[in-house]
Amino acid sequence: MRYITKAFLFAAALLLGLEGLARLAFEDTFVGRFDYGYHPTAGFVEKADHVELRSAGGRRFWPQSFARPKPKGRYRIFTVGDSVARGRSLEQAYPYLLGEMLKAKGYDVESLNLSVSGYGVRRRLVVLEQVLKYEPDLIILHLNHSNEYEDEREWRRAQEAKSWYPDQWLRKSYIIARLDEAKTERLFWKLPADIRATREVRDHDAELAAAEHGEQGKVWEQFFRTQTLKTLELLRAHQIPVVLLTKGWIEEGKQEISDGGYDLYFKQHQEGGVCTASTREIFELESNIPQLFNKDRVHIKPSGHVILAKGLLPKVERCLFAGKAK
Amino acid sequence: MSFTAWYYPFFLFGVAALYWGLGHRARTWLLLAASYVFYGAWDWRFLSLIAASTLVDYFCTNAMDGRLLRRLSALAGSLAPAVWLGGLSAFDLARFDPLILQAAGISGLVFFFLYEALWHLEEGRRRKAFLLLSIVTNLVTLGFFKYFGFFVDSAQDLLVLAGLGGDSLVVEILLPVGISFYTFQSISFAVDVYYKRIHACGDLPTFAAFIAFFPQLVAGPIERGRQLLTQLEQHHVFDMANVHAGLRLILVGYFKKVFVANNCALIANYVFSSPGSMDIYWMTLGVLAFAFQIYGDFSGYTDIARGSALLFGVRLERNFAFPYLARSPSDFWARWHITLSTWIRDYLYIPLGGNRHGTLMTVRNLYIAMLLAGLWHGATWMFVLWGFYHATLLALYRVVPFLHHMEHAHGHRVWMSRVLMFLFTLGGWLIFRSPDWSHFLETLQAFTVWPSEFSRDVGHALGWLAFHVLPLLVLQYVTRKAQDESSLDHRMWALRGLDYAVMFLLVASSAVIDVEFIYFQF
């Protein structure tokens, strides 16, 4: 009898040990992880004299750090966007390149990239609200309306994870929730939509992705515009200058770059410390635009990031340093 | 109530905790009450059906053993199902046609007068008459609820074929969950009492608990009286080893059902929902997925049932023994749904003569047994065809020398024989999974469609299937030498603990997909 008991006890100890390990040794990784980007401090690790940005808590920041409080005379720029602004690596993405260019011109500046893949207007706002605590001198807001369904999907997942309905009880364990999450993202969401549709519950991804191209897509587009304006209000209230960078992409079967009409729309809201910049306008000065994009015609190659940084440089200088000393 | 409902563990452990705190008599009542609550949670009305089946067999088997019940008890028992339905109706707890209430009352009275009349026959004829009454009542109930619509539809189709078709009559009768299982259990008990293999049970609550024992009520295993009833009659002493074995079986059962079957169901349901738009890659994936879905689903159910019963100190029969390692059709049926196979063998195939009267009669008996086994699964011609297919396989393995040798192969040919039988089994599942003939033809046609390239979608589906089937194959490999395919007792305790932890994590991270057990519909 004891022989059998040992195995069960060992299994229980193993499970509890794993859970304990996750909660104690990997707490940073798990805090906010199941808020799916809606946790205010996920990825921000505050130390005594500095803040570390980490790929943690379900928020994949590039590893960076900045001093707290901000050294006197230093300008601090935060770029908040999605996978386009995030780039292939920290050093290849335009926020870093822009910082280097500004330093080369003699400015005491640090440019931090807080872009996360799949982030739409709602989750960018959550990041921004946290950023306001770290004395920003300029925010570059990389705009794109194509992530709203992911924002909604992750919002629903976060609500589900918070639920205390009995079918969620086991998911209160970090280990179980993480396994479920990995299986959903790496295996389930790769299945064709028709297969996923045969599962009656919890396929927010399929449901929302399908809705994106219908009426819901228009609703989200409008939502994106109004929420962006609210974000600008918030930044104005904190008197923080902002560069609105509208995204550009190449439509299927075309050579020219598109901005979805957002360039014009946001130029109408330039007052009160808001500057605008356009990927389309910056890239149109180049001879071979498609060469600047990846195969998906949306994400930008490292060469494109260099051009974007160069194009942004005068805008940022004008917006940030107008009337200020180097 | 389903084993996969979130509240089932609370129900099970709550009842088990109460059970061990009570005396023998109170335990019997507790098991009976728990079983009726378990079944009633699905539909309270059909408790009257189980009660009727129980009372008929109780009266008939006791009469066979020469025990006459008092007239008032017999009358009360005969009318109990109607009283139950009347109570539900009076308190507005369930809705049904008043005709049903009248039918239940009249059936009860007819049974009572028949019971009274048959008792006065001389002993030999009385025993036979009560056996017939028990069997006929059970088969009529089963036939009405499960096959009435099927036979009406088939008769109408025949009339249409003969040019005599008129207005079609639509018959929709709700199928009571598990009816095939508990009626077969009742019939076998009556037959065993008739042949004096076992005595009738004089204690109604114990007998009622035997018919309705909740762990095996809705999907088996189909128990015999001498196996289950004798255990329910005994006073059990709490044994921690049973609790451990029970928990292990429950864990393995959930692993098979929740992790393997429910996830394989995604691919199988997709492929079989529109076979006309599939190609050979998708169909192959679909039939493999269904093979593991149905195995995980049903053997998982059995494991949970056996584990749940062990928490009360009751041992249920094994129902599966590595069926996909079978080397021949007869080997397959000795490993798949064992309690149904042995039921068919003992109560149908052997009484028909079995294999004692030459090849031709053996083949005839095989076809009768397998056609009825097929029909037992459901009231469609596809299940009959599935029975026919397996009967043909059984016959072919008897008469074709190559196949006969495969059954008794040695060395590396053992694996050849297993692969061949597995392919035959997959062929059977194609029939089983098809709701009708045209759907089946579409699935066959899909095997002739060769796409120009292997799509990424197929690759992703294959990955999903592999992720959910490989752990099951590992479990089968680990337990291959054990008598019981869920037994891990031969492994070192630390490895066993690791097995339990891994299985628990796999189950817990899959628990959100809730798919009903396939065998509930049978």
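The values are calculated or read from the model by the stated rules, or taken from the named source; none is laboratory data. Since this is a predicted model, take the numbers as computed values, not measurements. For neighbour counting, all protein chains shown are included, and Cβ atoms are generated from backbone atoms with ideal geometry for every residue, glycine included. These accessible areas exclude ligands, DNA and RNA; they are computed on the full protein's heavy atoms, side chains included. Shrake-Rupley method; radii C 1.70, N 1.55, O 1.52, S 1.80 Å.
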The protein assembly as shown, dipole about Cα centre (Lys/Arg Cβ +1, Asp/Glu Cβ -1), debye to the nearest 20
2240 debye
Can you compute the FRET efficiency between B:A466 and A:T226 using 1/(1 + (r/R0)^6), with r the Cβ-Cβ distance and R0 = 60 Å? Round to the nearest 0.05.
0.85
Rounded to the nearest 10 Å², the 1.4 Å probe accessible area of A:E27 is 90 Å²
For the range B:359-461, just the Cα set please: Rg and Dmax, both in angstrom.
16.8, 52
Do any of A:K230/A:K295; A:K183/A:K295; A:K254/A:K310; A:K133/A:K267 go past 32 Å between their Cα atoms, and which?
A:K230/A:K295
Show me the GluC sites (Glu not before Pro) within the range A:72-175 that DSSP assigns to loop and that have at most 14 other Cβ atoms within 10 Å of their Cβ.
A:E91
For the range A:37-164, give the magnitude of the charge dipole about the Cα centre (Cβ charges: +1 Lys/Arg, -1 Asp/Glu; no others), in debye to the nearest 20.
160 debye
Test item: A:179-191 mean partner chain Cβ contacts at 10 Å:
4
Kindly report the accessible area of chain A per residue (heavy atoms of protein chains, probe 1.4 Å, no ligands, DNA or RNA), in Å².
46 Å²
Considering only protein heavy atoms and a probe of 1.4 Å, how much of the accessible area of the protein assembly as shown is carbon and sulfur, as a whole percent?
62 percent
When DSSP beta bridges are limited to those with both residues in the protein assembly as shown, what percentage is antiparallel, rounded to the nearest 5?
40 percent
Loop-exposed chymotrypsin sites (Phe, Trp or Tyr not before Pro) per DSSP, neighbour cap 14 Cβ within 10 angstrom, longest uninterrupted part of chain A:
A:170-326
Per-residue average of Cβ from other chains inside 10 Å of B:494-502
6
Exercise: per-residue mean of other protein chain Cβ atoms within 10 Å, B:503-510
6
Cα-based Rg of the protein assembly as shown normalised by 2.2 N^0.38 Å, two decimals
1.21
How large is the accessible surface per residue of chain B, computed with a 1.4 Å probe and reported in Å² as a whole number?
43 Å²
Rounded to the nearest 10 Å², the 1.4 Å probe accessible area of B:D279 is 30 Å²
Give me the number: length gained by fully extending B:E123 to B:V136, i.e. 0.36 nm times residue separation minus the C-alpha to C-alpha distance, one decimal in nm.
2.7 nm
Per the charge dipole of the protein assembly as shown (beta-carbon charges, Lys/Arg positive, Asp/Glu negative, Cα centre), the residue among B:I338, B:F422, B:L498 reaching farthest to the positive end is B:L498
Rank these residues by their accessible area, most exposed first, probe 1.4 Å: A:D151, B:D346, A:D194, B:D436.
A:D194, B:D436, B:D346, A:D151
Leaving out ligands, DNA and RNA, calculate the buried accessible area for the pair B and A with a 1.4 Å probe, summed over both sides, in Å² to the nearest 100.
3400 Å²
Per the charge dipole of the range B:1-136 (beta-carbon charges, Lys/Arg positive, Asp/Glu negative, Cα centre), the residue among B:L109, B:A5, B:G86 reaching farthest to the positive end is B:L109
Kindly give the semi-axes, whole Å and largest first, of the ellipsoid equivalent to chain A, taking each as the square root of 5 times a Cα gyration tensor eigenvalue.
38, 26, 17
Charged-residue dipole, Cβ positions (Lys, Arg, Asp, Glu), chain A about Cα centre, Debye nearest 20:
1020 debye
Over the range B:243-362: Kirkwood hydrodynamic radius from C-alpha pairwise inverse distances, Å
16.4 Å
Farthest positive-ward along the protein assembly as shown dipole, Cα basis, beta-carbon charges - from B:W44, B:A309, B:A241:
B:A241
